[in-house]
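Okay, structure first, notes after.
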């Protein structure tokens, strides 16, 4: 399109509109597409914007008609020796005899592999694309885009890990950012939002079935988790495991290998892995005999000082909530906590002591730890704190003498909490939720705000006058007359 003088925005809009109508009306005007594209090279921003909008309408209309060819053009030799008029007619008539969106044999048209190259670009091993991924996530509200994104993410992860022996941490961070943004609907009837509109949906299309979405979701996460991940990503995955991953898997029990290997890492990762295993045990009938032994092994003196202390005791309270647990197991946990409480700070004791008392409330058979009327006199504690198996720790043969010791604690609130065992334990449990996040600063501030009912006496011998103290040297050498 030759322009000897600069056109006004209105003239450019009319010119581009005529070119667009000409291209859409007849294939003989296909060369006008180059005139539209030439406007994109203009120095005028308004003309460029009009050209972009025209291209959007042009390619959108061609996509709806099915006339847009995307791919590698055949060579001239292939065109000369290719299909003749009869073959072309058969292909066209076969395409017209099927439903929209289906191929000649009634199957859904395959999604071209280049259609989701954007996923490969987002999962870059060289650049951090977390911001781009967050913007792309708005498109995953559409069921078809989400389904093909999961498939593309699975293949991209496999390709990158195969090409590189040491995958950069940038790739893993990008992959987790994309995978964690995928959220599936909970009901089959919810799979109705599609970016590509169809006049009629076919039951043969996998993208219309929630079961197929779950399979793609499962393959995506299993393909990601089978590789060695950075330690920081282990924590992020395990935090999202019980809420955002396990409920959407087609077979949640396939996560057993990942969770059991995470249990052996130790610390917070082991605790978070036990949370996922607990869900598999109770909701999916998974057998894992070492579950409570692993939890018992996490109880060490550092548990009262780590930053995940609140989460640990919240989950431990959940794991030990069943009244069907054997008495020896509950007694082992109560005894181990009581032993660790001897060296714990006050803020941890105010949470651990009610925790122990709640265990005794749930399991009356364990109350012999605080009241054994016909028991023998013990010269030594039979409990073995070094035993890793709670069944062999002999906790049920011992007693909670540690709680009686803590009744002499310097902090009055700790002493009061330990003295609860001197009375009959009430049936309602004490909620430990408000105590999980308790800090030493909060206790100190709370103590400062307390007001005593009477002044604290500072002298244990009452004074009689200014010089009337006992053995007062001033009273021996001076008199007041």
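Every read-out reported here was derived from the displayed coordinates using simple, explicitly stated rules and does not represent laboratory data. For clarity, every value in this text was computed on a predicted model and none was experimentally measured. Here the Cβ is made from the backbone with ideal geometry for all residues, glycine too, and neighbour counts use every protein chain on show.
At q = 0.13, 0.16, 0.18, 0.22 Å⁻¹ the log10 of I(q)/I(0) for the range 116-228 amounts to -0.49, -0.72, -0.88, -1.21, computed by Debye summation with a single uniform scatterer per C-alpha, solvent ignored.
A simple spin-label model places the labels of residue 8 and residue 394 10.2 nm from each other, with each point 7 Å out along Cα-to-Cβ. Each of 143, 35 was scored by other Cβ atoms within 10 Å of its Cβ. Arranged with the fewest first, they read 35, 143.
Using 0.36 nm per residue and subtracting the Cα-Cα separation, the extra length available between residue 254 and residue 233 on full extension is 5.6 nm. Taken along the Cα-to-beta-carbon direction at a fixed 7 Å, the label points for residue 165 and residue 48 span 4.6 nm. Structural size metrics of the range 313-449, computed from C-alpha coordinates, are Rg and Dmax of 14.9, 47 Å. Between residue 365 and residue 475, residue separation times 0.36 nm minus the direct Cα-Cα distance comes to 32.9 nm. Across all Cα pairs in the range 1-68, the calculated P(r) in 10 Å bins from zero up to the longest distance comes to 21, 56, 20, 3 percent per bin. Taking other Cβ atoms within 10 Å as a rough exposure proxy, 474, 137 sort from fewest to most as 474, 137. Among 236, 283, a tally of other beta-carbon atoms within 10 Å of each Cβ gives an order, fewest to most, of 283, 236.
Here is the size of the range 421-473 from its Cα atoms: Rg then Dmax, 21.7, 62 Å. Shape summary: the chain maps onto an equivalent ellipsoid whose semi-axes, from the alpha-carbon gyration tensor, are 73, 33, 18 Å in decreasing order. Rounded to 0.05, the FRET efficiency of the residue 307 and residue 64 pair, given R0 = 35 Å and the Cβ-Cβ distance, is 0.05.
FRET efficiency for the pair residue 37 and residue 196, taken as 1/(1 + (r/R0)^6) with r the Cβ-Cβ distance and R0 = 30 Å, rounds to 0.75.
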